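Below: one structure, written as structure tokens.
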Amino acid sequence: MTQETRPLSKKDIRRENEKLILEAAEKVFAEAGFGGATMQLIADLAGLPKANLHYYFPTKESLYRRVVQAIFHDWLKAADIFDNAPGPVEGIGAYIDAKMEISRRHPAGSKVWASEVMHRAPVIQDYLETTLVEWTEGRMAIIRRWIDEGKMNPVDPRHLLYMLWATTQHYADFGHQIETLNGNAPLSDAQWEAAKDSVKTIILTGIGAIPSA
């Protein structure tokens, strides 16, 4: 006797459609930018009628903001370890692992964010001035505490964060360059793990969190 498949609820359908739309929008915005992207292009890639997009996201700007907020939310979650980590080896090390994994799995989202910021954030400037500022100040306070506790060298926390962002997001934003230098092939699982280990060693040694060899 075969088990009957339970029909999807309206909530399930909405969740699945939003997932399809956001995945398609992330790719289209990454390739075409906000100005070049159209709701029709996104609908075609998602395999949904254009009317469905407008049902869930009334305007292109509302969809774009959702895409940008989604990648930033992932980055915020990646930094959760900061709050309870006993020191920079655990906190920054785990943050590097998580950020590089996001670059691996969601390169288009990182490219959307980078493009928006390079164009002086015409759509999400308010987000930068509120959520990003608050998040950055909180992480800087933790880094200062580690410095005061003698767990790392007295470096400027702000510039350390800039370095962490630039390094981990490079693997998404410049993925094509990395693949070209890797014999026109994406990094393998082993290469990704080696890259994470190298980045952690370079940064943690540089800030004095672990002794140099």
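Data overview
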| quantity | calculated |
| --- | --- |
| Dipole magnitude (debye, nearest 20) for the chain, charges at Cβ of Lys, Arg, Asp, Glu | 400 debye |
| Shape of the range 68-206, Cα gyration tensor, a/c cut at 1.5 | oblate |
| Cα-Cα P(r), the range 79-135, percent of pairs per 5 Å interval | 4, 17, 17, 19, 22, 15, 6, 1 |
| Exposure proxy ranking, count of Cβ atoms within 10 Å, fewest first, for 48, 76, 181 | 181, 76, 48 |
| Exceeding the 22 Å Cα-Cα cut-off - candidates 27/196; 10/60; 19/60; 11/50; 19/111; 77/200 | 27/196; 10/60 |
| Gained length - residue 180 relative to residue 165, 0.36 nm times residue gap less alpha-carbon distance | 3.2 nm |
| R0 of 41 Å, Cβ-Cβ distance residue 202-residue 50: FRET efficiency to nearest 0.05 | 0.30 |
| Label-point separation in nm, residue 38 to residue 83, each point 7 Å along Cα→Cβ | 4.4 nm |
| Charge dipole (debye, nearest 20) of the range 1-106; +1 at Cβ of Lys and Arg, -1 at Cβ of Asp and Glu | 420 debye |
| Square roots of 5 times each gyration tensor eigenvalue, C-alpha, the range 10-58, largest first, Å | 19, 10, 8 |
| The chain - percent relative contact order, Cα under 8 Å, separation 6 or more | 22 percent |
| Helical contribution to [θ] at 222 nm, DSSP H n ≥ 4, -39,500 (n - 2.57), averaged over the chain, rounded to 500 | -23500 deg cm²/dmol |
| Cβ-Cβ FRET estimate between residue 61 and residue 189, R0 fixed at 45 Å, reported to 0.05 | 0.75 |
| Theoretical gain in end-to-end length, residue 145 to residue 130 [0.36 nm per residue, Cα-Cα removed] | 3.1 nm |
| Principal-axis tilt of helix 157-173 within the chain, Cα atoms, nearest 10 degrees | 50 degrees |
| For the range 1-91, alpha-carbon Rg over 2.2 N^0.38 Å | 1.46 |
| Amide H within-cut-off set for residue 153, under 5 Å, with H built and near neighbours excluded | 208, 209 |
| Whichever aspartates and glutamates have a C-alpha closer than 13 Å to that of residue 151, once near sequence neighbours (fewer than 8 apart) are set aside | 90 |
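Taken together, the values in this text are just the output of simple stated rules run on the coordinates, not laboratory data. A quick note: this is a predicted structure, and the numbers were derived from the prediction, not measured. Quick reminder, even Gly has a Cβ in these numbers, built from the backbone with ideal geometry, and neighbours come from all protein chains shown.
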